[in-house]
């Protein structure tokens, strides 16, 4: 099994550093659906039942109420928040959620490519939001996470 490395430039929204296995969604996320344990509870969402805890969360943008920011904060207080967040376009809900939770947030300029790389593979993502850089370590083959 081979490992390929990829680097992508990005726009830093909330500075910091985080890494972990990527968990990606092509669908926007309503942050109100994330419980205090970092689990997505939305039967209509592709991440329903999955945990974002200690992962790098990749999704296009948030939808719903600005109150959703506090759901991500609750997950952070419980040690169950993502280590970093990558969006195609950071909206006010996601930006405020990451800012109050001190979670690194970036906008990825190559979001479509990022989604392709994260599909059905184990990907360790490193987000350096201070230096505006995403680094991916991609294993060939089928995802085992």
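Annotations
- Degrees, to the nearest 10: 68-77 long Cα axis against longest axis of the chain: 70 degrees
- Of all DSSP-defined beta bridges confined to the stretch 3-139, some 70% are antiparallel rather than parallel.
- Prolate/oblate/rounded call for the stretch 12-109, Cα gyration tensor, a/c under 1.5 rounded: rounded
- Calculated FRET value between residue 77 and residue 41, using beta carbons and R₀ = 22 Å, to 0.05: 0.80
- Taking the C-alpha atoms only, the angle from helix 92-101 to the longest principal axis of the chain is near 90 degrees.
- Residues residue 92 and residue 119, FRET efficiency given R0 of 30 Å [Cβ-Cβ distance, rounded to 0.05]: 0.60
- Hydrodynamic radius (Kirkwood) for the stretch 60-110, which is based on Cα pairs only, to one decimal in Å: 10.8 Å
- Spatial offset of the stretch 13-48 relative to the stretch 124-140 amounts to 17 Å, using the alpha carbon center of each.
- Rounded FRET efficiency, nearest 0.05, which uses the C-beta distance separating residue 109 from residue 65 and R0 of 25 Å: 0.35
Every number here is computed from the coordinates shown, using simple stated rules; none is lab data. Since we're looking at a predicted model, the values are computed, not measured. Heads up, the Cβs are rebuilt from the backbone with ideal geometry, glycines too, and the neighbour counts pull from every protein chain shown.
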